[in-house]
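The values are calculated or read from the model by the stated rules, or taken from the named source; none is laboratory data. Computed from a predicted structure; not experimentally measured. Note that we place each Cβ from the backbone using ideal geometry, even for glycine, and neighbour counts take in every protein chain shown. These accessible areas exclude ligands, DNA and RNA; they are computed on the full protein's heavy atoms, side chains included. Shrake-Rupley method; radii C 1.70, N 1.55, O 1.52, S 1.80 Å.
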Amino acid sequence: MSYLEYQPTNGAVVVTGATGDMGLAITERLYRAGQPVIIAACRQPERMRPYIHNLDVIYPESPSLIIPARLDLSTAWQARKAAAEIGAMGHDITAVINNAGVMQIDHTELSPDGFEMSLQVNCISTLAFTLTLLPKLRQGAAVVMTSSLMRRFPLLRRDFVAKATYATNFAQRFNNYGRSKQILTWAATLLAERVSYRGIRVNCADPGIVNTPMIRLGYGWVDTIADHIARPLMSTPMQGSRAAMQALATPRTSMMATQRTLSPLPSLTAAQTEIATEALRLAIP
Ligand SMILES: NC(=O)c1ccc[n+]([C@@H]2O[C@H](COP(=O)([O-])OP(=O)(O)OC[C@H]3O[C@@H](n4cnc5c(N)ncnc54)[C@H](OP(=O)(O)O)[C@@H]3O)[C@@H](O)[C@H]2O)c1
């Protein structure tokens, strides 16, 4: 696939997890492209300040304005509140890039909503944020969901939430992350159908394996091996961010973008549709 160059719109693009490694790379690409308004949604908006200054120095000609906004995806309520605040800013929103995500491998944590944290942040709250912002999106806007190649591995389980909550070992927690991305991807497929009447495109991005803090697993020996052997082979955050930019730039909907490919998301089975419907239901206020 030839690389689709993103053409800035005359509105605002929201990027979640903007202070993360891939979030910063996406923000830089948008800034470099001259996107007029970039809403950098993150847990600690004050952390954006030095990055904004750096971008200003590197790209002095860019007309972009970065507006930091607070977003915590630890609960669906906080996600909706942040979306409502961003919506109330009054910008014409032309895209939402859901980049924020978490992978907890060394411990199991429950969200205040009672879900295992990767399911909460990566899937339910991400959907809650998106669904709350939907009415504010311009006709023909784009929504990007950050998936992962880990979505391919977990087997379909109806008792996933209960299992995830009591995950006790490395493999189970790895599976939790994969399942959160799997369900998010299915929900994106369903959402793409539901919003197509407004011309809104919903696509997924699979960045590959990218050298970011997320790859630090919290197990000494695994991290040491990863640091010395695997990290140099991984993509850089700037390379990984190509997937989100492809998902954003394509005029098509219901697509999976990687750094180099763009392909239609597979149709959902009845069981997958049921699970995706449930995830969307949990996200709706
Ligand atoms: N790295 C990879 O190999 C890889 C592969 C496939 C998919 N991904 C996905 O790519 C996305 C970006 O990850 P990354 O690799 O760039 O990792 P990262 O540097 O750790 O970035 C993750 C971002 O998510 C934010 N975040 C985490 N929990 C949050 C919460 N409760 N509320 C709001 N924001 C939260 C973090 O905020 P703070 O800055 O406040 O910590 C950070 O900005 C994630 O969705 C991840 O699952 C990564």
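Any residue that is away from the ligand (no atom under 11 Å from the Cβ), surrounded by fewer than 13 Cβ atoms within 10 Å (Cβ to Cβ) and either at negative phi or small (Gly, Ala, Ser) (or both) - is there at least one of those in the range 200-212? Within the range 200-212, none of the residues are away from the ligand (no atom under 11 Å from the Cβ), surrounded by fewer than 13 Cβ atoms within 10 Å (Cβ to Cβ) and either at negative phi or small (Gly, Ala, Ser) (or both). Looking only at the range 1-38, residues that are more than 13 Å from the ligand (Cβ to nearest atom) and under 14 Å from the mean Cα position of the chain (by Cα) come to 1 in all. Could you say whether any residue in the range 240-255 is more than 28 Å from Gln104 (Cα to Cα), out of contact with any strand residue (DSSP E or B) (no Cβ under 9 Å at 6 or more places or on another chain), outside any helix (DSSP H, G or I) and modelled with pLDDT of 95 or more? Among the residues of the range 240-255, not one is more than 28 Å from Gln104 (Cα to Cα), out of contact with any strand residue (DSSP E or B) (no Cβ under 9 Å at 6 or more places or on another chain), outside any helix (DSSP H, G or I) and modelled with pLDDT of 95 or more, which makes the answer no. Leu217 passes every criterion in (1) open to solvent by 20 Å² or more (accessible area, probe 1.4 Å); (2) in a helix (DSSP H, G or I) apart from (2).
Of all residues in the range 158-194, those being surrounded by fewer than 14 Cβ atoms within 10 Å (Cβ to Cβ) and outside any helix (DSSP H, G or I) number 5.
Looking at the range 250-259, is at least one residue within 16 Å of the ligand (Cβ to nearest atom) and farther than 29 Å from Ala84 by Cα? So far as the range 250-259 goes, yes, one or more of its residues are within 16 Å of the ligand (Cβ to nearest atom) and farther than 29 Å from Ala84 by Cα.
Suppose the filter is out of contact with any helix residue (DSSP H, G or I) (no Cβ under 7 Å at 6 or more places or on another chain) and within 20 Å of Cys204 (Cβ to Cβ); does Leu133 pass it? Considered against the rule, which asks whether it is out of contact with any helix residue (DSSP H, G or I) (no Cβ under 7 Å at 6 or more places or on another chain) and within 20 Å of Cys204 (Cβ to Cβ), Leu133 comes out as no.
Counting just the residues of the range 39-68 that are within 13 Å of the ligand (Cβ to nearest atom) and within 15 Å of Ile26 (Cβ to Cβ), which one comes out surrounded by the most Cβ atoms within 10 Å (Cβ to Cβ)? Residue satisfying both the conditions and the ranking: Ala41.
When the residues of the range 11-34 are filtered to those that are more than 17 Å from Ile86 (Cα to Cα) and touching a Pro at 6+ places or on another chain (Cβ under 8 Å), which remaining residue is surrounded by the fewest Cβ atoms within 10 Å (Cβ to Cβ)? Ranking the candidates gives Gly34 first. Applying a threshold of 6 Å to beta carbon distances and a minimum spacing of six or more residues, or different chains, the list of pairs starting in the range 95-121 at a residue that is more than 27 Å from Ser241 (Cβ to Cβ) and β-branched (Val, Ile, Thr) and ending at one that is open to solvent by less than 40 Å² (accessible area, probe 1.4 Å) and more than 8 Å from the ligand (Cβ to nearest atom) reads Thr108/Ala167.
Scoring Ser111 on the criteria (1) more than 13 Å from the ligand (Cβ to nearest atom); (2) more than 16 Å from the chain's Cα centre (by Cα); (3) open to solvent by less than 30 Å² (accessible area, probe 1.4 Å) leaves a single failure, condition (1). Counting just the residues of the range 118-148 that are in a helix (DSSP H, G or I) and among the small types (Gly, Ala, Ser), which one comes out farthest from Ser74 (Cα to Cα)? Across the range 118-148, the extreme among qualifying residues is Ala128. Residues in the range 228-285 that are of a type in the set (Lys, Arg) and either closer than 24 Å to Gly17 by Cβ or touching a Ser or Thr at 6+ places or on another chain (Cβ under 7 Å) (or both) were compared, and the one that is surrounded by the most Cβ atoms within 10 Å (Cβ to Cβ) is Arg242. Restricted to the range 115-139, and to residues there that are away from the ligand (no atom under 15 Å from the Cβ) and open to solvent by 30 Å² or more (accessible area, probe 1.4 Å), the residue that is farthest from His91 (Cα to Cα) is Leu131.
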